[in-house]
């Protein structure tokens, strides 16, 4: 993923959410709408989430140390996971609580034009942020569907912003529905129901984000296309005759570890094997530039040993 593309989407979302949060809290103060309060907290939580993503991206750029020899690239995954927790607790759970309170103790909606006007403004601002995230993501997702892109993306920033903005737009529609039904019926319970729907939506998005970032934290292999290119680059048909087995692991969104056992001829000299390994590493880096940490072990291929070994994986 392009770090600049992810940063651009985050900054756009941060600016939009700060402006929207301020407007929603003003609307809540004048109208007493619980949907406005829940949406204001939602936007404030989203702003904090974007701040966390920017901080994670900055900290991930630190150079490797003796204590952390593979660098800090996974910090981006950690902060992505923190975002899902914040969205769940601050956004989703608060909205569910506030909605339940409004249903139990309805309060008349005052100055209805404030929440309606702010919600319309918020739809426009969130639409701009979502459009930016979609534009940056389209440059990366290729032929993948949106679900596949969110599931397979190794960089957490764009999927997080996409889901947050998508959830925010749906939440705004729910808030408009709650306020509209309250105005139409004169019953403030609808405002509380809209707020609870917003909370349920945020909890669902948070769970999806948590599941995806957890997978990245545990360590994911390179994609199938990258694995195929690495395998093809390893074999030169002369000294390196085949890949016995190989493992790949993302140390960060833009840093890949490759470890492979390669078959060489039994009569090759150490010098020939060393040169072949150097050439194979160069071919891998040319085929997959993010393959920055490469370990290759030469061996003599044995069919029986290969058959008994665990299945090769990316």
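Side notes on the structure shown:
- Qualifying residue in region 54-69 (condition: in a helix (DSSP H, G or I), surrounded by fewer than 20 Cβ atoms within 10 Å (Cβ to Cβ) and either in contact (Cβ under 8 Å) with a residue 24 or more places away in the chain or not assigned by TED's automatic domain parsing to the domain that holds residue 107 (or both)): yes
- The residues of region 169-197 that are crowded, with 24+ Cβ neighbours inside 10 Å and within 23 Å of residue 156 (Cα to Cα) amount to a single one, 171.
- Filter result for residue 232 (surrounded by fewer than 19 Cβ atoms within 10 Å (Cβ to Cβ) and in a helix (DSSP H, G or I)): yes
- The residue list 221, 263 contains one member that is touching a strand residue (DSSP E or B) at 6+ places or on another chain (Cβ under 6 Å) and within 23 Å of residue 148 (Cβ to Cβ), which is 221.
- Residue in region 46-53 that is assigned to a helix (DSSP H, G or I), farther than 16 Å from residue 167 by Cα and within 13 Å of the chain's Cα centre (by Cα) present: yes
- Matching residues, region 133-145, being in contact with a helix residue (DSSP H, G or I) (Cβ under 8 Å, 6 or more places away or on another chain) and surrounded by fewer than 22 Cβ atoms within 10 Å (Cβ to Cβ): 134, 139, 140, 141, 144
- Any hit, region 96-114, residues being closer than 30 Å to residue 252 by Cβ and in contact (Cβ under 8 Å) with a residue 12 or more places away in the chain: no
- Out of 38, 12, one residue alone is touching a residue at least 40 places away in the same chain (Cβ under 8 Å), farther than 18 Å from residue 83 by Cβ and in a helix (DSSP H, G or I). It is 38.
- For region 70-108, filtered to residues that are exposed (fewer than 14 other Cβ atoms within 10 Å of the Cβ) and in a loop (DSSP other than H, G, I, E, B), the residue that is modelled with the highest pLDDT is 105.
- Options 124, 203, 189; residue that is assigned by TED's automatic domain parsing to the domain that holds residue 13 and without any contact (Cβ under 8 Å) to a residue 40 or more places away in the chain: 124
- In a residue-by-residue description of region 116-132, the property of being surrounded by 15 or more Cβ atoms within 10 Å (Cβ to Cβ), modelled with pLDDT of 85 or more and in contact with a strand residue (DSSP E or B) (Cβ under 9 Å, 6 or more places away or on another chain) applies to no position.
- Looking only at region 244-284, residues that are over 40 Å from the mean Cα position of the chain (by Cα) and either assigned to a loop (DSSP other than H, G, I, E, B) or not assigned by TED's automatic domain parsing to the domain that holds residue 300 (or both) come to 5 in all.
- Which numbered condition residue 1 misses (of (1) modelled with pLDDT of 75 or more; (2) touching a helix residue (DSSP H, G or I) at 6+ places or on another chain (Cβ under 7 Å); (3) within 27 Å of residue 250 (Cα to Cα)): (1)
- Among the criteria (1) out of contact with any strand residue (DSSP E or B) (no Cβ under 9 Å at 6 or more places or on another chain); (2) more than 12 Å from residue 36 (Cα to Cα); (3) crowded, with 16+ Cβ neighbours inside 10 Å, the one residue 151 does not fulfil is (3).
The values are calculated or read from the model by the stated rules, or taken from the named source; none is laboratory data. Just so it is clear, the structure is predicted and the values come from calculations on it, not from any experiment. Note that each Cβ is placed from the backbone with ideal geometry, even for glycine, and that neighbours are counted across all protein chains shown.
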